[in-house]
Amino acid sequence: METRKVQRTGKSTFIVSLPKGWAVRNGIKPGSIVYITQGESGDLILSPERTSQNLKVKLDIGDKSGEALIRDIIGCYLSGYRTIEVVSTHMTPEQKRDIHQIVSKLIGPEILEETGNKVLIQDLLNSEELQSDRALRRLRTVVRSMIQDAIDSLIGMKKSLAQDVIQRDDDVDRLNLLVSRQFTEMLRTGALSQSSLDVITAFNYALAASNLERIADHAHTIAGLAIEHSMPVPEEMAVELSRISAIIGGLIDEAISALLNRNTETANSIIERTKEIRREAMRNLEPIISSSSAEVNQEEIMMRMVVSSSIARFLDHIKNIGEFTINMTHAQLHNS
């Protein structure tokens, strides 16, 4: 650790010199801009000006296609690159299709140029335009609607509604990747310019977004049941599912509000309630699974198993968000 003595210039301005090694490594010269962010604990974080040079990457994909290619582009996106130049000696129509597919599922990037062997992707979204807290609120709204509509589609045998739920899963993926990207960018640059978030908060927001994305995946699973199965949901199961979906929606609202407001009392309450709700839901949904009666419909058993498992996962991820709130709040208190 290096130390510097604070000096005064004029009547009211304090100045401190920058470590020469750091300045040289980051290309700092007279007239350069540095970002200064104050953390909640009072720390000042310096980061060099983010030039277009260090936010560009050239990605040679060779003959990669499909999931491997998509993962590479997502990796560049999450790393905070503003410009991704995708090249290949000869880019196939399949590769271009995969590139277009993943770009359409990301928030910010657009394809600005396309030739026979190159696709230029440019991120047009200012990181300040959709901050993590706003993205979390949007995620909360989408995930709540997915759970409600997934269960409604299963109970009402509404295949078109179930298909709509599955399509909304893409929106959740896009928002989750955006929150993860903003956290990674904070780690790379020291801070997002003008960001009010500290690293601890950004980390826990990214964890919460990831858990909301997993909840959405299980809503997707229930919607898939509505499409695949043709049998009606038994009446007592339908009543229980309607009751549970309303409770889970309320818990998601409370969990995200507690996280954003650092409310550990609410978070602890949510954790305890998820345990009791889980016990009650499993008691009402699972009894038929253990029955050995030949009259039991095997399709109904499978439906109950999948739905009860998804509901258990809903509650696990909500409990996780409550724990993130407590962990984040205590970490910040320790640093203050």
Query raised in the report: Quick check, is Ala267 aliphatic (A, V, I, L, M) and under 15 Å from Asp152 (Cβ atoms)?
Result: no
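Looking only at the stretch 192-207, filter to residues that are modelled with pLDDT under 75 and at negative phi; which one of those is surrounded by the fewest Cβ atoms within 10 Å (Cβ to Cβ)?
Among residues in the stretch 192-207 that are modelled with pLDDT under 75 and at negative phi, the one surrounded by the fewest Cβ atoms within 10 Å (Cβ to Cβ) is Ser196.
Here's the yes/no breakdown for (1) surrounded by 14 or more Cβ atoms within 10 Å (Cβ to Cβ); (2) farther than 30 Å from Thr329 by Cα; (3) more than 24 Å from the chain's Cα centre (by Cα):
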{"residue": "Ala219", "(1), (2), (3)": "yes, no, no"}
{"residue": "His229", "(1), (2), (3)": "yes, yes, yes"}
{"residue": "Pro232", "(1), (2), (3)": "no, yes, yes"}
{"residue": "Gly249", "(1), (2), (3)": "yes, no, no"}
{"residue": "Asn261", "(1), (2), (3)": "no, no, no"}
{"residue": "Ala281", "(1), (2), (3)": "yes, yes, yes"}
{"residue": "Val307", "(1), (2), (3)": "yes, yes, no"}
{"residue": "Ile318", "(1), (2), (3)": "yes, no, no"}
**Report entry** Set Gln148, Gln167, Gln182: member being assigned to a helix (DSSP H, G or I), in the same structural domain as Tyr205 (by TED's automatic domain parsing) and out of contact with any helix residue (DSSP H, G or I) (no Cβ under 6 Å at 6 or more places or on another chain)
**Finding:** Gln167
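Residues are listed down the side, and each one gets a yes or a no for (1) closer than 21 Å to Asp173 by Cβ; (2) part of a helix (DSSP H, G or I); (3) among the basic types (Lys, Arg):
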residue	(1), (2), (3)
Ala206	yes, yes, no
Ala216	yes, yes, no
Pro232	no, no, no
Glu254	no, yes, no
Glu276	no, yes, no
Query raised in the report: Is it true that Val179 is surrounded by 20 or more Cβ atoms within 10 Å (Cβ to Cβ), among the β-branched types (Val, Ile, Thr) and modelled with pLDDT of 95 or more?
Result: no
Query raised in the report: So which residues in the stretch 44-62 are out of contact with any strand residue (DSSP E or B) (no Cβ under 7 Å at 6 or more places or on another chain) and modelled with pLDDT of 90 or more?
Result: Gly62
Report summary line: Scanning the stretch 57-91 residue by residue, those farther than 24 Å from Ser210 by Cα, in contact with an Asp or Glu (Cβ under 8 Å, 6 or more places away or on another chain), free of Cβ contacts under 8 Å to residues at least 40 places away in the same chain and not hydrophobic (A, V, I, L, M, F, W, C) turn out to be Lys58, Lys64, Ser65, Ser88
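The values are calculated or read from the model by the stated rules, or taken from the named source; none is laboratory data. Small disclaimer: the values here were computed from a predicted structure and weren't measured. Glycine also receives a Cβ, built like all others from the backbone with ideal geometry; neighbour counts cover every protein chain displayed.
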